[in-house]
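The values are calculated or read from the model by the stated rules, or taken from the named source; none is laboratory data. Computed from a predicted model, the values in this text were never measured in an experiment. We place every Cβ from the backbone using ideal geometry, glycine too, and count neighbours over all the protein chains shown.
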Amino acid sequence: MNEEKIMQPQTITATIENCRYCLMCRHVCPVGHVTRRETLTPHGWGLTIASVQRGLLTWNQDTVEVLYSCADCGTCRAYCVTDQQLPDAIAITRAEVAAQNLAPAAAYGIHTALQEWSNPYKRQVPETVNGQAEIALFVGDDAIYLWPAALESALKLLEAAGVKPVLIGMGRSNGHLASSLGFPDTAKMLVQTTLDELKASGAQRMLVLTPGDYYAFEHLLSDRLEVEWPVGVEIQEVISLLDIKFTAGILKFKSSDDKRPYAYIDPSHSLRIPARYDVPRRLLASVMSTAGHELFWRKERAHPCGIGALQFITPQISDHLTYARLADAQQAGAQIAVTEDPGCLSHLNRHADRFGLHVQGFYELLADHLV
Amino acid sequence: MENNLFLSEMIRSELSEVVGPDFVSVAESDKFIYSTDWAWMPQMWLDRGMQLRPPDYIVHPGSAEEISEILEIANKYRIPVVPWGGGSGTQGGALPIFGGILIDTKRMDKIIAIDEKSLTVTAQAGIIISQLEWALNEKGLMLPHYAASSNCATLGGALAPRGTGTLSTKYGKAEDMVLSMQIVLPTGEIIRTPPVPKHAAGPDWFRLFLGAEGNFGIITEATMQLDYLPEARLMRAVLFDDLNKALEVGRLIMTHRLNPLVIRLYDRESTSSQVKKVLGYEYDGAYMVMGFDGDPEIAALQEKKALDYCQQLGGRDLGRDPGDAWWDHRYDFYYPPKSLKLPWMYGTTETVTTFDKIANLYWAEKKAVEEGFVDWNVKFIAHFSHWFHWGVMVYSRFIIEEPPQDAQEALRLHNRVWNAAMQAVMANGGMINEHHGVGLKLSRYMRKQYGEAWPLLLKIKKTIDPNGIMNPGKTGFGF
């Protein structure tokens, strides 16, 4: 088990005590950035939790809403010199609050959906998976219910690269949402079911479509859930595999006729996976006929695009995160916003018109230009 | 306000009409979080389970015009107003000790213009300094105000207390970088200071607003001087057995205008505690870091000359690595648990004076603190970090690892240590502060600091802020 990585009570306390009066990640917190509320920053969350522990505050509708306003995006931790696990400590605190029936009503509704349907979007059980292959592709729920074209195109690209994966986790959440809402047991159930499918597939490598999925299986399991990743099985982002095939000359793309300026939007959770920033940019450059524009909040400081628990609990903050990404792309001079995460695509696309932007799926763009 | 719900709601409605209901908060959670800033005193108070006086309203204006209207309301009802940037002040300058309206300026975070010819940036005062710096870096420029608080402090928050950054020895304090400002006066007028600071068109009145900590108005916009990102940055570390000799080296470097970007000289105690803890070096002596930047050849020559002085006075050249390590990790000192933190008691009693007095001041303050509070096993550590042509600032700190658990007793002890330190500082020609500001913590020393000149400052305050609404209880001014 991962006992050394799972936060122990003393570690949670130390984290909260460290973060309550620390302002050193204030400048990167996306929620703090869009709300400008001191309360909705890592310091604010730390001090709120610490002060409930001291009896200065109680969990009520106001303070619980504060607790549930963290995007759980990992930006604070990515910038923390002393690696404070504040997002994990907040998730654990939410679990305590949820266990006391004090979480926002919407959280319980989503929880029920995750328990019954394994996704928050549709009353439909995940497809049963059959078949075996050396490589599996975790599909998840966003790619099924929010932006199916991403999956279709990714499969087309993989086929062109000579990879035919078995699909697992079709329509099933990766567990992060349940964990983030404070329901770790449900998160465990979801990932364990996927791991059972992975085992049954016999795959030695699991591909994922997004950084969020990579984070969930590479880190969430060990950092928050007492679930062990199968020994000897590798996790790899699809774009990483495509990049290798492209570099080897197996994948070839023709140049796009579209001359409109574009910007790549690093998907949510990207900064939880360092050293992945150049890969999507390199692949895009092989297709696009113009140089990409860069957002201000990019790469190591990329902000999330509004997906995750916030969209259900505090949709106004989620929307502002989406607006901020689009405004950033607009200010960068882009007319096309490209990203690969189906959830991000869905969120960005919902509001893109008002920013004069066209949202383009990364996988679709590449698949459309396969030679 | 609690006793008059009707009036409270009336005022809230008026504030909402100005900024919109989404930008006025009376939520318990917000009031609580904004009841403390980064000063030890309120943090300790909350740590011990005691409540602080919260603001009655937290308002997030989007423009100087909105601030003007807020101040009109505050004057009408005689409500205290506390400006808030990043809340990172160490002096309690942003504490809403009398409640009232807390104005968080962070919605005003736009970069208005970057002039790449004159090397200036004009930005709204609520922008976080690191974000501004990132934007400038993309153009090969920098605002050389590299404060430890840059990740959380705002541009206005750097100017209001006359803040200083790591590079101040070469590039100056924040106040030296500002060309002009837009300010909303306490009575609501929106004014602009002259477009340039160096002229002879009358007295230098624009400096009144630097260090006023909101007492004379709220800075809403500033034009700041920029620099090119340096082509080279050469860092070096030197170890001295004798602190006084190291101070003399610093004096020689400054008076001969070798133009270092930084000289940071840790005393023996700070070297063996802070430097060891954060950088991992186990040096016995006074660890000095110095740096030179800009043109590589000029920087190298300046460094060589500085090293010559070090050698002449017994300094041992540690090479480039311990200098680079310090540069790379210079802010790590402020991340908990590496930083000083509760439950300890601590205070930064930093001060500045001329070279002829600095050594005596340091030893006098050290003696006053260490001998005055021996029962509390107090530690005194210091580094000398902001150097001028005429003198140097000493970043002195006291630490008590086992302070009283009772909040009131702890606060009294804290204030007694401060009294001892400040008396020693003033008796030896030092100022009560060099760059953290006055706030609430040092307010009580202002009359003594300024002596016969203090009534003049009081008259200015009464003229500019006739109803005394602005940040009451801070910077020496009452309510």
If you check every pair at least six apart or on different chains, which have Cβ atoms under 6 Å apart with a residue in segment A:80-93 that is within 14 Å of another protein chain (Cβ to nearest Cβ) and within 23 Å of B:Arg330 (Cβ to Cβ) first and a residue that is of a type in the set (D, E, K, R) and surrounded by fewer than 22 Cβ atoms within 10 Å (Cβ to Cβ) second? A:Val81/B:Asp332
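Taking B:Ala364 as the residue in question, decide whether it is touching a residue at least 24 places away in the same chain (Cβ under 8 Å), more than 14 Å from every other protein chain (Cβ to nearest Cβ), over 16 Å from the mean Cα position of the chain (by Cα) and assigned to a strand (DSSP E or B). If you could, list the steps in order and put the result at the bottom.
Working: touching a residue at least 24 places away in the same chain (Cβ under 8 Å): yes; more than 14 Å from every other protein chain (Cβ to nearest Cβ): yes; over 16 Å from the mean Cα position of the chain (by Cα): yes; assigned to a strand (DSSP E or B): no.
When the stated conditions are applied, B:Ala364 does not pass them.
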Look at segment A:12-32 and say how many of its residues are within 9 Å of chain B (Cβ to nearest Cβ) and hydrophobic (A, V, I, L, M, F, W, C). 7
Per-region count, segment A:253-278, residues crowded, with 19+ Cβ neighbours inside 10 Å and among the acidic types (Asp, Glu): 1
Of residues in segment A:33-76 being within 7 Å of chain B (Cβ to nearest Cβ) and of a type in the set (Asp, Glu), the one farthest from the chain's Cα centre (by Cα): A:Asp62
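Being surrounded by 19 or more Cβ atoms within 10 Å (Cβ to Cβ), over 25 Å from B:Leu258 (Cα atoms), at pLDDT 95 or above and assigned by TED's automatic domain parsing to the domain that holds B:Val196 is the requirement here; does B:Gly165 meet it?
Numbers: surrounded by 19 or more Cβ atoms within 10 Å (Cβ to Cβ): yes; over 25 Å from B:Leu258 (Cα atoms): no; at pLDDT 95 or above: yes; assigned by TED's automatic domain parsing to the domain that holds B:Val196: yes.
Answer is no for this residue.
Hey, among the residues in segment B:95-116 that are among the aliphatic types (A, V, I, L, M) and more than 19 Å from B:Glu221 (Cα to Cα), which one's farthest from the other protein chains (Cβ to nearest Cβ)?
Filtering segment B:95-116 down to residues among the aliphatic types (A, V, I, L, M) leaves B:95, B:97, B:101-103, B:108, B:111-114.
Imposing the further condition that a residue be more than 19 Å from B:Glu221 (Cα to Cα) reduces the set to B:95, B:97, B:101.
Numbers: B:Leu95: 13, B:Ile97: 17, B:Ile101: 15 Å.
Applying the filter and picking the extreme gives B:Ile97.
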So, A:Arg205, is that one surrounded by fewer than 24 Cβ atoms within 10 Å (Cβ to Cβ), in contact (Cβ under 8 Å) with a residue 60 or more places away in the chain and over 18 Å from A:Asp141 (Cβ atoms) or not? yes
Pair list, Cβ < 8 Å and 6+ apart or interchain, from segment A:59-72 residues that are among the β-branched types (Val, Ile, Thr) to residues that are surrounded by 23 or more Cβ atoms within 10 Å (Cβ to Cβ) and part of a helix (DSSP H, G or I): A:Thr63/A:Thr48; A:Thr63/B:Ser29; A:Val66/A:Thr39; A:Val66/A:Leu40; A:Val66/A:Gly44; A:Val66/A:Trp45; A:Val66/A:Thr48; A:Val66/B:Ser29
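Just checking, does segment B:59-75 include any residue being over 18 Å from the mean Cα position of the chain (by Cα), under 29 Å from A:Ile16 (Cβ atoms) and more than 10 Å from chain A (Cβ to nearest Cβ)?
Step one: filter segment B:59-75 for residues over 18 Å from the mean Cα position of the chain (by Cα), giving B:59-75.
Now restrict to residues that are under 29 Å from A:Ile16 (Cβ atoms): B:59-60.
After this cut, where a residue has to be more than 10 Å from chain A (Cβ to nearest Cβ) as well, the list is B:59.
Yes, that holds for at least one residue.
Would you please name the residue that is farthest from the other protein chains (Cβ to nearest Cβ), looking only at residues in segment B:319-361 that are aromatic (Phe, Trp, Tyr) and touching a residue at least 24 places away in the same chain (Cβ under 8 Å)? Explain how you work it out, then say what you get.
The initial filter retains those residues of segment B:319-361 that are aromatic (Phe, Trp, Tyr), namely B:326-327, B:331, B:333-335, B:344, B:346, B:355.
From the residues that got through so far, the ones that are touching a residue at least 24 places away in the same chain (Cβ under 8 Å) too are B:326-327, B:331, B:333-334, B:344, B:346, B:355.
On the way: B:Trp326: 14, B:Trp327: 14, B:Tyr331: 7, B:Phe333: 10, B:Tyr334: 6, B:Trp344: 12, B:Tyr346: 12, B:Phe355: 34 Å.
My answer is B:Phe355.
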Hey, does segment A:124-144 have a residue that's within 30 Å of A:Thr93 (Cβ to Cβ) and surrounded by fewer than 19 Cβ atoms within 10 Å (Cβ to Cβ)? no
Of the conditions (1) modelled with pLDDT under 95; (2) among the aromatic types (Phe, Trp, Tyr); (3) within 30 Å of B:Phe380 (Cβ to Cβ), B:Phe479 satisfies every one except a single condition; which number is it? (3)
Out of (1) touching a residue at least 40 places away in the same chain (Cβ under 8 Å); (2) farther than 26 Å from B:Ile358 by Cβ; (3) in a loop (DSSP other than H, G, I, E, B), the one B:Pro194 does not meet is (1)
Give B:Ser29, B:Ser35, B:Ser16 a once-over and let me know the one that is surrounded by 15 or more Cβ atoms within 10 Å (Cβ to Cβ), within 12 Å of chain A (Cβ to nearest Cβ), free of Cβ contacts under 8 Å to residues at least 40 places away in the same chain and among the small types (Gly, Ala, Ser). B:Ser29
Report yes if some residue within segment A:176-197 is at pLDDT 95 or above, more than 14 Å from the chain's Cα centre (by Cα), surrounded by fewer than 24 Cβ atoms within 10 Å (Cβ to Cβ) and at positive phi; otherwise report no. no
Which strands (runs of 3 or more DSSP E) sit wholly inside segment B:210-321 and have at least 2 residues that are among the aliphatic types (A, V, I, L, M) and closer than 30 Å to B:Ile464 by Cβ? B:218-225
Quick one: in segment B:369-386, of everything that is crowded, with 18+ Cβ neighbours inside 10 Å and among the aliphatic types (A, V, I, L, M), which residue is nearest to B:Val262 (Cα to Cα)? B:Ala382
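Checking the condition under 30 Å from B:Gln302 (Cα atoms) and either more than 10 Å from every other protein chain (Cβ to nearest Cβ) or buried (at least 18 other Cβ atoms within 10 Å of the Cβ) (or both), which residue from B:Ala123, B:Ala158 passes?
Only one candidate passes the filter, namely B:Ala158.
Just one of A:Gln84, A:Gln115 is surrounded by fewer than 23 Cβ atoms within 10 Å (Cβ to Cβ) and either in contact with a Ser or Thr (Cβ under 8 Å, 6 or more places away or on another chain) or assigned by TED's automatic domain parsing to the domain that holds A:Leu47 (or both); which is it?
Details: A:Gln84 fails: surrounded by fewer than 23 Cβ atoms within 10 Å (Cβ to Cβ).
Answer to the check: A:Gln115.
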For segment B:182-213, give me each residue that is farther than 30 Å from B:Ile263 by Cα and crowded, with 23+ Cβ neighbours inside 10 Å. B:Ile183, B:Val184, B:Pro186
Would you please list the contacts, defined by Cβ atoms under 8 Å and residues six or more apart or on different chains, that run from a residue in segment A:257-283 that is under 13 Å from A:Glu340 (Cβ atoms) to a residue that is assigned to a loop (DSSP other than H, G, I, E, B) and of a type in the set (Phe, Trp, Tyr)? A:Asp266/A:Tyr277; A:Ser270/A:Tyr277
